[in-house]
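Engineer: Let me begin by handing over the structure; questions about it come next.
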C-alpha cells in the first residue's frame, strides 16, 4: 500500500507544481512591470514595430540627467527594478526599454538582428523622448549593445557603465563551434523553468539561490509556457546568432567615453560554451581575466570587481551594486 500511496501523492502534486508556472503572452502579457509600460512605434526593415519601455521620473531631487538601462539576452527591462529605484532616488530620469524581439516589444518573424540596428532603434527612441545625452548602462548582451551604442553615438553618451558584458572574447575565434539558427531554435524549444533555474543559479548567482530570484526565472519561463513559445524561441535563436557573429572585443580601444566596468568574478558566461570541446570550454568566460583585459583595452576605464558575485550583480546583491554604480556616476 505504501508505494501506491506514494504514487498517488505524487500524481496529486503534479497539477499543483505545474500551476506554479504561469503562462504569459507572446509579448509577456500577464507579467506586471514595476512601472507603467509605454510603447514607441516605428518602421524598421519594411515592417511596423513597437519598443516597450518604462520612463520613470526622478523621485529624489532631479539632477537633470537621464540613465538608460539596456537588458541582457535572458532579461527584460523589468529586471532592472532595484536599479531603477536607486537611480530615480538619486535624481535621474530612467528609461528602461525592451529591445525588439524581447519581452514586451514586438516579436518579428523576419528580422535581421544586429547590435548596430538595435542601437539605432534605441537612439531613435531617445530622440523621440527629447533625450540627447544619457548615461548608458548595459548588462550582459545589453553590455555588447551599450558598447556598440557608444561607438556609434559617442557624443550622446555621458557615461558608459558595463555590467558583466558578454562579447569580451570572440567565441568563434577561440574555438566555439558554429550553430545554425535552426539548431539554436531547437535548443530554445526545450527551455523550461527547471533548466532556467539551474542555469541562473550556476551562472547568474554563483551557485546560490534566494526566493526573490524566482520571479525572474518564472518571467522567462512564462514566455515558453504560453502561446508565444515558438516566436520567442525563434527570436532568441536569431539573437544568439547575432551575438555569436558580432564580437565587440576588437573595438574596445575605440571607445571615447568615460567607462566603468562592473564585473562579478564568479561569472563564467560564454555563448555556445556547452558545445565547445572540453579543452576550449575550460578557458571560456573567465571574467576575472576578461574584466581586467577589457579595462586595460578601454581608454581610461575604471574596473569595479565583486569577488563573490556572478553574472547578475544588480539582482544578486542590488544594494551593493547600486551603491557602486552611483559612486561611479558621481565621480568626475
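The values are calculated or read from the model by the stated rules, or taken from the named source; none is laboratory data. None of the values given here were measured: they were computed from a predicted structure. Virtual Cβ from ideal backbone geometry, glycine too; neighbours counted across all protein chains shown.
Engineer: Please give the number of the condition residue 108 fails out of (1) surrounded by 16 or more Cβ atoms within 10 Å (Cβ to Cβ); (2) over 17 Å from residue 54 (Cβ atoms); (3) without any contact (Cβ under 8 Å) to a residue 60 or more places away in the chain.
Structural biologist: All conditions are met except number (3).
Engineer: How many of the residues in the range 179-192 are in contact with a helix residue (DSSP H, G or I) (Cβ under 6 Å, 6 or more places away or on another chain) and buried (at least 17 other Cβ atoms within 10 Å of the Cβ)?
Structural biologist: Counting residues in the range 179-192 that are in contact with a helix residue (DSSP H, G or I) (Cβ under 6 Å, 6 or more places away or on another chain) and buried (at least 17 other Cβ atoms within 10 Å of the Cβ) gives 4.
Residue-by-condition table, conditions (1) in contact with a strand residue (DSSP E or B) (Cβ under 8 Å, 6 or more places away or on another chain); (2) in contact (Cβ under 8 Å) with a residue 60 or more places away in the chain; (3) closer than 22 Å to residue 312 by Cα:
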{"residue": "184", "(1), (2), (3)": "no, no, no"}
{"residue": "201", "(1), (2), (3)": "no, no, yes"}
{"residue": "216", "(1), (2), (3)": "no, yes, yes"}
{"residue": "248", "(1), (2), (3)": "no, yes, yes"}
{"residue": "255", "(1), (2), (3)": "yes, yes, no"}
{"residue": "264", "(1), (2), (3)": "yes, yes, yes"}
{"residue": "268", "(1), (2), (3)": "no, yes, yes"}
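Engineer: Would you be able to tell me the number of residues in the range 188-198 that are within 19 Å of the chain's Cα centre (by Cα) and in contact (Cβ under 8 Å) with a residue 40 or more places away in the chain?
Structural biologist: Result for the range 188-198: 4.
Engineer: Okay, moving on. From 163, 176, grab the single residue that is in contact (Cβ under 8 Å) with a residue 24 or more places away in the chain, buried (at least 19 other Cβ atoms within 10 Å of the Cβ) and more than 19 Å from the chain's Cα centre (by Cα).
Structural biologist: 176
Engineer: Okay, moving on. Considering the range 193-232 alone, what residues qualify as being surrounded by fewer than 16 Cβ atoms within 10 Å (Cβ to Cβ) and either in contact with a helix residue (DSSP H, G or I) (Cβ under 6 Å, 6 or more places away or on another chain) or not in a helix (DSSP H, G or I) (or both)?
Structural biologist: Within the range 193-232, 207, 208, 209, 210, 227 qualify.
Engineer: Could I ask something else about it? Select the helices (runs of 4 or more DSSP H) contained entirely in the range 233-327, then report the ones holding at least 1 residues which are over 19 Å from the mean Cα position of the chain (by Cα).
Structural biologist: 278-281, 287-297
Engineer: Looking at residue 75, is it in contact (Cβ under 8 Å) with a residue 12 or more places away in the chain, under 23 Å from residue 147 (Cα atoms) and either touching a helix residue (DSSP H, G or I) at 6+ places or on another chain (Cβ under 9 Å) or in a loop (DSSP other than H, G, I, E, B) (or both)?
Structural biologist: yes
Engineer: On to the next question. How about the range 84-94: which of its residues are outside any helix (DSSP H, G or I) and crowded, with 23+ Cβ neighbours inside 10 Å?
Structural biologist: 92, 94
Engineer: Any idea which of 48, 17, 23 is modelled with pLDDT of 95 or more and either loosely packed, with under 11 Cβ neighbours inside 10 Å or closer than 21 Å to residue 142 by Cα (or both)?
Structural biologist: 48
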